[in-house]
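Data block below; observations after.
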Amino acid sequence: MPRRGWMLVVVAAALTGVAVAVVMHPVAHASPDPAVLARRIALGKQLFNDPSLSADGTVRCASCHIPERSYADRRPVAIGVHGHTGTRNTPSLLNVAAGSESSFFWDGRRTALEQAVLDPLTNPVEMGLHDHAQLLQRITRNPAYRAAFAQAFPDRSDSLTPSEVGTTLAAYVRSLKQPDSPFDRYQRGDRAALNPRAQLGLALFQGKAGCAECHRLDGASSALTDHAYHRSGVGLDGITANLPALTEGVIARSLQGSAIGDRVATHVDEAQLGRFNVTLDPADIGLFRTPSLRGVSRTAPYMHDGSVPTLDEAIDREVYYRSLQAGYPLNLSVEERQDLKAFLEAL
Ligand code: HEC
Ligand code: HEC
């Protein structure tokens, strides 16, 4: 970016109160040489697994993004420091930054992974640290971390910044890729990789059932999402009566940046407003980001609030709701739903 561009960013950041530390370190995000990147990934992995970065010393990223569970947790909603429960289902982190993905969380409130990975550390019901100053203090009191950060950012002269912590955690999260699935092998031309049932399911998914309109199969990485926001009907029942007061409250606070994350994790009703929390546009009430369906058979329970326990029920719900939206019944037989399931299991 030309010099004048940076000036504008810094001035804009100062005016809007965006964390200046993050924008003033463009170097940290430039792609480093492979040896440095490897050091950042290794350091990010250590931080990801370190419970001392939480308020009560018991919660680490991997407490909720559990490696053996596709980096999700099989709970309806997350449980963090002091046993506090959140309001949303923990998504898998596999392929989270694949392809053109540039929005994070169920409501897309973050557009940079480097920022998204810092939010849980200070979220009151996740890791519960007071602020970034406390985070930096916890990290720098450990001499091994000080040395590792110096090696991961060899050109820097000043002391540790939140932006560097974000860069290492993001480097690690980016490295979490789902292993080749039967569907990947099928896409590359191995027709036998999908069993006949799953092949019928694929045809339904793209055809009559209309799933691929949102869970898209095109593009190099077939991320199975359109990166857009849609209504699902999940969770709206509980808040419709109280909607005017609820939305007025959110608008009055006109939430900014990471504060959105702290509020939605601690206010069940506001969490159900979805994308509205980010845009404050009434048309966005109850809209959620289309989740990738990669590895979906291993990440029950489902939907943003974890309210749907099994894959069969998730399929039934989607068929029902998408029929309502289309204005005509999708008419999928029990057999056909099983075909869809076989396809989802091959992802
Ligand atoms: C207490 C459980 C918990 C802990 C601890 C936790 N997360 Fe999460 N994570 C969640 C939940 C729940 C969401 C979804 C929140 C939402 O969308 O509002 C999430 C979302 C994310 C996302 C966005 C994924 C997507 O698909 O958009 C990333 C990235 C992420 N977490 C990384 C981390 C990192 C890095 C850490 C440690 C610094 C961490 N998480 C700690 C529960 C947790
Ligand atoms: C109009 C867009 C759209 C269409 C069409 C659509 N989905 Fe979805 N799907 C979504 C959104 C958005 C969510 C998340 C909703 C929420 O959490 O409230 C979702 C969630 C899901 C989930 C849960 C995933 C998880 O990780 O929690 C499954 C499974 C699913 N859809 C399968 C299907 C199937 C099968 C079809 C075809 C019958 C389909 N979807 C059609 C947008 C769509």
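Some points to look at:
- All of Pro76, Pro154 fail the test of being buried (at least 16 other Cβ atoms within 10 Å of the Cβ) and either within 14 Å of ligand 1 (Cβ to nearest atom) or at pLDDT below 95 (or both), apart from Pro76.
- Pairs where the first residue, in region 306-321, is basic (Lys, Arg) and the second is within 16 Å of ligand 1 (Cβ to nearest atom) and not in a helix (DSSP H, G or I), C-beta under 9 Å, 6+ apart: Arg317/Ser232; Arg317/Val234; Arg317/Tyr302; Arg317/Met303; Arg317/Val308
One line per residue, one yes/no per condition, for (1) in contact (Cβ under 8 Å) with a residue 60 or more places away in the chain; (2) within 13 Å of ligand 1 (Cβ to nearest atom); (3) over 30 Å from Ser333 (Cβ atoms); (4) within 18 Å of the chain's Cα centre (by Cα):
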position	(1), (2), (3), (4)
Leu204	yes, no, no, no
Leu224	yes, yes, no, yes
Gly238	no, no, yes, no
Gly261	yes, yes, yes, yes
Pro282	no, no, yes, no
Gly286	no, no, no, yes
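- Of everything listed in (1) of a type in the set (Ser, Thr, Tyr); (2) surrounded by fewer than 20 Cβ atoms within 10 Å (Cβ to Cβ); (3) out of contact with any Ser or Thr (no Cβ under 6 Å at 6 or more places or on another chain); (4) not assigned by TED's automatic domain parsing to the domain that holds Ser297, the single unmet condition for Thr167 is (2).
- Residue match in region 109-123 (condition: modelled with pLDDT under 95 and within 16 Å of ligand 2 (Cβ to nearest atom)): yes
- Test: Ala198 is touching a Ser or Thr at 6+ places or on another chain (Cβ under 9 Å) and closer than 30 Å to Lys341 by Cα: no
- Some residue of region 95-104 being of a type in the set (Val, Ile, Thr), within 16 Å of ligand 2 (Cβ to nearest atom) and assigned by TED's automatic domain parsing to the domain that holds Cys61: yes
- The set of residues from region 303-347 being among the charged types (D, E, K, R), near ligand 2 (Cβ under 9 Å from one of its atoms) and closer than 19 Å to Glu213 by Cα comprises Arg317, Glu318, Arg322, Arg337, Lys341.
- Single condition Arg185 does not satisfy, out of (1) out of contact with any Asp or Glu (no Cβ under 7 Å at 6 or more places or on another chain); (2) closer than 30 Å to Ser323 by Cα: (2)
- Residue check: Ala38 meets all listed conditions (1) near ligand 1 (Cβ under 9 Å from one of its atoms); (2) free of Cβ contacts under 8 Å to residues at least 40 places away in the same chain; (3) not charged (D, E, K, R) but one, namely (1).
- Region 263-280, residues that are under 30 Å from Glu345 (Cβ atoms) and either away from ligand 1 (no atom under 13 Å from the Cβ) or charged (D, E, K, R) (or both): Arg275
The values are calculated or read from the model by the stated rules, or taken from the named source; none is laboratory data. Since this is a predicted model, take the numbers as computed values, not measurements. Cβ sites come from the backbone with ideal geometry, for glycine too, and all protein chains shown count toward neighbours.
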